[in-house]
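All remarks here apply to the structure that follows.
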Amino acid sequence: MQASAAGLAYRGRTASIGFAHGPFVRVDAGTSSERLAGSLVEEALALRKAIDTASGQIAELARTAGGEAAQILEFQVALLEDEDFIEAIFASIGEGDAADVAWRSALDEQIADYNSADDDYLRARSSDLADLRDRVMTILFGGEGQALRIPSGAIVCADDLPPSRFLEIDWSGGGGLALLRGSPTSHVAMLARARGIPMVVQFGTIPGAGAMALLDGEAAMLELDPGAEQVRLFEKRRDTHRKSRASARAILRRPTASWRGERIKLFINIQGVDDLEHADAQYADGIGLMRTEFLLADRSSLPDEEAQLRAYDAVLRWADRRPVTIRTFDAGGDKPVPGFTLNGEANPFLGVRGLRLCLARPEIFATQLRALARAAVRGNLKVMFPMVTSAGELEAGRKLFADVVRDLQADGIAATLPELGIMVEVPAAALAIASFKASFFSIGSNDLAQYVLACDRSNGALAHLMDPLHPAVLELIARTTEHGRRAGIGISLCGDMASDQRCLPALLSCGLRELSVNASALAQIKQAIDRLSSGGGVG
Amino acid sequence: MLDKADGQIFTGNVRLVHAVGMHARPAVKLTKLAKKFQAQISVRVAGATEWINAKSVAKIMAMRAAHGSTIEIKASGSDAESAIAALVDLIATDFPDGAS
C-alpha cells in the first residue's frame with residue numbers, strides 16, 4: 001500500500017487553478033427524513049413560509065456575494081417571485097398534494113425541461129433550479145438550510161455542489177473544492193475562478209479518507225494525508241505559481257509574444273461558450289481547440305444540427321476574424337457517452353474512440369459535419385479530427401464532410417468545407433506524419449504521452465512515469481514539427497504541456513511556434529515566453 | 001384576458017440581438033421591467049401561436065427565444081404604450097447592465 005509511505009493521490013480535471021492545503025471535509029447530500037403533511041391550508045402556509053425563508057436566504061447570499069454571483073442568484077429569486085409559476089404549485093396543494101410533493105414535482109418538471117434543451121445555457125441553468133429545489137425542500141423538512149459547517153481553509157469534497165452551497169461556505173480563509181462529478185463549465189467553477197478558489201472536478205471516486213489534504217488546481221491533483229516530501233513539493237509548486245502569477249497579468253495587454261525574433265501565437269482551449277467569459281480569453285490569438293463533447297453531456301438525446309450550429313456560431317462570433325479550431329466529437333476512452341460510445345470494451349483507451357467512433361456512427365457524425373459546414377461560412381473556422389491513426393481515416397472523414405457540403409448546397413443552404421486538420425496523438429500518426437494530407441496538425445500531447453509511455457494518464461500510481469518531457473515524447477513532437485515546417489503546414493500543440501511552463505523551453509526548442517493553452521494559463525505562458533526570450537530561465 | 005375598460009392593444013416587434021438568446025439574465029431583466037407596469041403584457045417569438053405572460057420568468061425561459069429571432073410584444077392597460085416602448089428598448093439595446 002502506498003498510503004503508508006506517502007499519501008494517496010487522485011487526479012481529476014482542472015476547473016480553477018490555485019493551491020490549497022487544509023483539513024479534508026466530505027460533504028454529502030442530506031438524506032431527507034419523514035415529513036407529515038397537514039391540512040390543505042397548513043400545507044399552503046408551510047410552502048409560503050419556506051419560499052419566503054428561501055427568498056430571504058438567497059437575497060442575503062446575493063447581497064454579500066455581489067457581482068457575478070448575485071446575477072446568478074437573481075434568477076432563483078425571480079423564479080420565487082414568478083406568480084404564474086408559484087400559483088400553479090399552490091393549485092396542486094389545493095388539489096391535495098403535500099407542500100413538498102407539489103414543490104418537488106413542479107421543480108423537477110422544470111429541471112427535466114431545461115435538461116432536454118438544445119441550448120447549453122439553458123441546460124446549465126438546471127443546476128440552479130436543483131439548487132433552489134433543494135433549498136426549499138430542506139426548509140420544508142425543518143432543516144432551515146443552515147450554512148454548512150466547514151472549518152476555515154478546508155478542502156471540501158462533494159459529489160457535486162450547487163452555487164448557493166458554494167456561496168454559503170466561508171472561503172475567506174482559503175480552501176479548495178474537489179468534486180467527484182461536476183464540470184469546469186458549471187456556475188460553481190465560474191465562481192471558484194472568480195474568487196481564486198482552486199477547484200478540481202471529475203475525480204470519479206475518492207475511496208480514501210484523510211484528515212488533511214493538498215489540492216493542486218494546476219496539476220488537477222488531490223493528495224490525502226500527504227507525507228513531508230509531498231508537502232514540500234506542493235509548496236514549491238505553489239510558490240512558483242504565486243510569484244509568476246502576480247507579474248503575469250500585466251503582460252497580457254502587450255502585443256504578441258515572441259521568442260528569438262519569431263512570433264509565438266497563443267491560442268486558448270475551450271470546453272464551450274462559457275469558457276469565453278474568462279477575463280483573459282480576449283487576449284488570445286484565437287481558439288486553438290474547441291472541444292465539442294460538452295454538447296453530448298447531460299442530455300437525454302444527442303444534440304441536433306441547429307443546437308450545434310448555435311454553439312459553433314456563438315464562438316465564431318466571439319472570435320470575430322480570429323481563427324477557431326473545432327475538434328469533432330472525441331468520445332470514448334475515458335469519455336463514455338450513452339447512446340454513442342460502445343459498451344464493454346476491454347480497453348477503451350485503445351478502443352473505438354475519437355474519429356474511429358465517428359466513422360463507425362456516420363449518422364451522428366454527419367449531423368455534426370452539417371453544423372460545422374454551415375458554421376464555416378460565418379467565420380474563420382478550422383475543423384480537426386481526433387485520434388487519427390492512418391491517412392485513410394482522414395480521407396474517409398473528408399469524403400463524408402464533402403458529401404455533406406454538397407447536399408447542403410444542393411438544398412440551397414450556405415455551407416462550405418473548412419480547412420481540415422488532425423490531432424496528432426497516436427504515435428503511429430506522429431511517426432508517419434508525412435502520409436497525412438492535412439491543412440494543419442495539432443499535437444495532443446496528453447494522449448500522445450499516454451500512448452507512447454504506455455501509461456494510463458488517469459492512473460495516479462503511474463504519475464512518476466507519466467512525464468511529458470520524456471525524450472520519446474519530445475522526439476515525436478520534434479519530428480512532427482519538423483515535418484510541418486518543411487512542408488509549410490501549420491502546426492500547434494494543444495495538450496496540457498502547452499499550459500505548463502516547465503515544458504515551454506523544450507516545446508520552443510522542438511520548433512513549435514503555436515501553442516493552445518487554458519485561458520487561465522495564458523498570462524503565465526506569455527510571461528514565460530517573454531522571460532525565455534530575454535535570456536532568463538522559466539519561473 | 002384583455003382589459004375591457006381600456007381595451008386598446010399596443011404592439012411592438014424587436015429583434016433579439018443577445019448573443020445566446022433569451023437565457024437567464026435577459027429573462028430576469030425583461031420580467032423585472034415588465035412588472036413595473038400595470039399593463040397586461042404578453043410576448044412571443046414571431047410565428048409562435050401562444051402568447052406568454054411577460055411577467056413570468058419561468059415562461060419567458062421556456063419560450064426558448066434564440067439569437068436573431070424576432071420578439072412580438074403586446075400590451076393592454078393604462079400604461080401599455082410606455083410598457084411596449086420600454087421593453088422594445090431593453091431588448092434592442094441588448095439588455096444593458098443597470099437596466100431593469
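The values are calculated or read from the model by the stated rules, or taken from the named source; none is laboratory data. Just so you know, these numbers come straight off a predicted model, no measurement behind them. Neighbour counts are summed over all protein chains in view; Cβ atoms, including those assigned to glycine, are modelled from backbone coordinates with ideal geometry.
Quick look at the numbers
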read-out: Residue, modelled with the lowest pLDDT, within region B:44-54, restricted to residues that are more than 7 Å from chain A (Cβ to nearest Cβ) and under 18 Å from A:PHE75 (Cβ atoms); value: B:ILE52
read-out: Count of residues meeting criterion [within 13 Å of chain B (Cβ to nearest Cβ) and at positive phi] in region A:43-75; value: 1
read-out: Checking A:ILE270 against (1) within 29 Å of A:GLU60 (Cβ to Cβ); (2) in contact with a helix residue (DSSP H, G or I) (Cβ under 9 Å, 6 or more places away or on another chain); (3) in contact (Cβ under 8 Å) with a residue 60 or more places away in the chain, the condition it does not meet; value: (1)
read-out: Residue that is nearest to the chain's Cα centre (by Cα) [pool: residues in region B:24-33 that are at the interface with chain A (Cβ under 7 Å from one of its Cβ atoms) and crowded, with 21+ Cβ neighbours inside 10 Å]; value: B:THR31
read-out: Selection count where residues are away from chain B (no Cβ under 14 Å) and either surrounded by fewer than 17 Cβ atoms within 10 Å (Cβ to Cβ) or of a type in the set (Gly, Ala, Ser) (or both), scope region A:314-334; value: 6
read-out: Candidates B:ILE84, B:ILE71, filtered to the one that is in a helix (DSSP H, G or I), touching a strand residue (DSSP E or B) at 6+ places or on another chain (Cβ under 7 Å), more than 20 Å from A:ILE86 (Cα to Cα) and away from every other protein chain (no Cβ under 11 Å); value: B:ILE84
read-out: Matching residues in region A:302-351 - criterion: being basic (Lys, Arg) and over 15 Å from A:THR292 (Cβ atoms); value: A:ARG317, A:ARG321, A:ARG322
read-out: Cβ-Cβ under 7 Å pairs, at least 6 apart or on other chains, region B:6-23 side closer than 12 Å to B:GLN40 by Cβ, far side at pLDDT below 75 and not hydroxyl-bearing (Ser, Thr, Tyr); value: B:ILE9/B:LEU2
read-out: Filter result (under 25 Å from A:ASN343 (Cα atoms) and part of a helix (DSSP H, G or I)) within region A:360-393; value: A:ALA360, A:PRO362, A:GLU363, A:ILE364, A:PHE365, A:ALA366, A:THR367, A:GLN368, A:LEU369, A:GLU393
read-out: From the options A:ASP131, A:ASP82, residue that is within 26 Å of A:LEU179 (Cβ to Cβ), acidic (Asp, Glu) and within 14 Å of chain B (Cβ to nearest Cβ); value: A:ASP131
read-out: Flag if A:GLY174 is more than 14 Å from every other protein chain (Cβ to nearest Cβ), on the phi > 0 side of the Ramachandran plot and at pLDDT below 85; value: no
read-out: Every residue from region B:46-66 that is of a type outside the set (S, T, N, Q) and either in contact with an Asp or Glu (Cβ under 8 Å, 6 or more places away or on another chain) or buried (at least 22 other Cβ atoms within 10 Å of the Cβ) (or both); value: B:ALA46, B:ALA54, B:LYS55, B:VAL57, B:ALA58, B:LYS59, B:ILE60, B:MET61, B:ALA62, B:ARG64, B:ALA65, B:ALA66
read-out: Subset of region A:198-225 (residues that are in a loop (DSSP other than H, G, I, E, B), in contact with a Leu (Cβ under 6 Å, 6 or more places away or on another chain) and hydrophobic (A, V, I, L, M, F, W, C)); value: A:PHE203
read-out: Residue in region A:387-394 that is crowded, with 19+ Cβ neighbours inside 10 Å and closer than 30 Å to A:ALA9 by Cα present; value: yes
